[in-house]
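To start, the structure under review is shown below, and the notes come after it.
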Amino acid sequence: MELRHLRYFAALAEELSFTRAAARLRIAQPALSVQIRKLEIEVGAELVSREGRSVTLTEAGKVFLEQARQMLAQASHSVALARRAANGELGNLSIGYATAAEFRVFPRVLPAFLARRPGVHVAFKALKVVEQIEALRRDELDVSLVWLPIPSDEFDVQPLTQEPLMVAVPAEHRLAKSAVVAIRDLSREPLILFARAQDPETYHQIEQLFLNEGATMNVAHELETLLSAINFVAMGAGCALLPDYARGNPKAGVVYKALKPTFSKTLAIAKKKRGSQLAEAFYRFAIDELAPTSKARAKSKDAG
C-alpha cells in the first residue's frame, strides 16, 4: 500500500466527488478512479459507494479513513523529523572531553546550542586523550574536546583555547609569597602531576620543560583528578603543576602562582571527517562561539 493511495482516498472522502478530488490532486479523474479501485482490492473491502455522480463512504470506508489520516500524519511527522535530523537539529550527540571543557567550553557553548536545538540529546564522556581518539575512530564519540596534538590527517581539528599551566603551592610553603614561580624554583621539590597515562604528551612536555631549565624533576605523586591534586597540595604533599582553570576551585591552604617560563596547552575540538550532520553542526557552532575568546587571548599574548 502506497502513501499516495491514502492521500487519494482521503481527498475523495473529503470532497465526496471524483471530479473535485481529481482536480484537488491534479490528476485525471479516470486515473483517480483506477487508483481507488486498486486500493479497495488491496484492502479487500468496498470503501466508497458510487451512485451516479454521488459518492458516499461505506462503513468500511469510514473506519479506513480514520486510520488513513493517522498514517498520513505519522508519515508527515516522520519526514519532518528525518529532515531535522539531516540538518543537525535532532538526534543523539556523544561528546568526549577533557576536564578543561567543563570550564572553558561547555558554559559558553552548550546552553546556546541546545536552546537552538531542543530536540538534541547530549551524552558526555570524560576520557583520556588516547581514549578519546580511539572512541572517535570506533564511532563511539561524535565530537571530542581534547588536548592537542592529535592526528589531524584522520580528523577535523580546530584549536579552541589556550590553557596555561600554573603552580599550586601549599600556603605555608617557601614559594607561597613569590609572585611568580620559576621551573628552577621547583627543582627537587616534591611534585604532584596528573598521571602520565592520562596525558602522556603533556607529561613529556613538562619533563622537557624541566630539562631545558636545568632543573631536577621530583615527582612525588601522580593523580587522576584535579580535585585530588588540589587536596594533596592542601595537605602539604607537594607543589602541583595544574591548568589555569584550577583557580576556579579555591581551597584553604592552597595558593596559585604563575609559572615561569610560561607553558600552555591547546584545547581543541575534533570530529571524524565526514561525520554526522549533528556532529558537524556542534563542531561549527563551538568554533563560532569561541572564536572571539581565542582571538582576544591571542591579542593579549601578542601585546604581552
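The values are calculated or read from the model by the stated rules, or taken from the named source; none is laboratory data. None of these values were measured; they are calculated from a predicted model. Here Cβ is always computed from backbone atoms with ideal geometry, including for glycine, and neighbour counts include all displayed protein chains.
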| Out of region 184-207, which residues are at pLDDT below 95 and not aliphatic (A, V, I, L, M)? | Phe194, Arg196, Gln198, Asp199, Pro200, Glu201, Thr202, Tyr203, His204, Gln205
| message | Of everything in region 195-216, what is under 23 Å from Ala98 (Cβ atoms), in a loop (DSSP other than H, G, I, E, B) and in contact with a helix residue (DSSP H, G or I) (Cβ under 7 Å, 6 or more places away or on another chain)? Give them in sequence order. | response | Arg196, Asp199
| request: Quick one: which helices (runs of 4 or more DSSP H) lie wholly within region 53-159 and hold at least 3 residues that are modelled with pLDDT under 90? | output: 59-86
| note | Restricting region 144-155 to residues that are touching a Leu at 6+ places or on another chain (Cβ under 7 Å) and either β-branched (Val, Ile, Thr) or within 13 Å of Gly275 (Cβ to Cβ) (or both), the one surrounded by the most Cβ atoms within 10 Å (Cβ to Cβ) turns out to be Ser144
| task | Of the numbered conditions (1) closer than 30 Å to Glu280 by Cα; (2) among the charged types (D, E, K, R); (3) not assigned by TED's automatic domain parsing to the domain that holds Phe106, Glu154 fails exactly one; give the number of that condition. | result | (3)
| task | Determine whether region 173-188 contains at least one residue that is basic (Lys, Arg), more than 16 Å from Leu267 (Cβ to Cβ) and in contact (Cβ under 8 Å) with a residue 24 or more places away in the chain. | result | yes
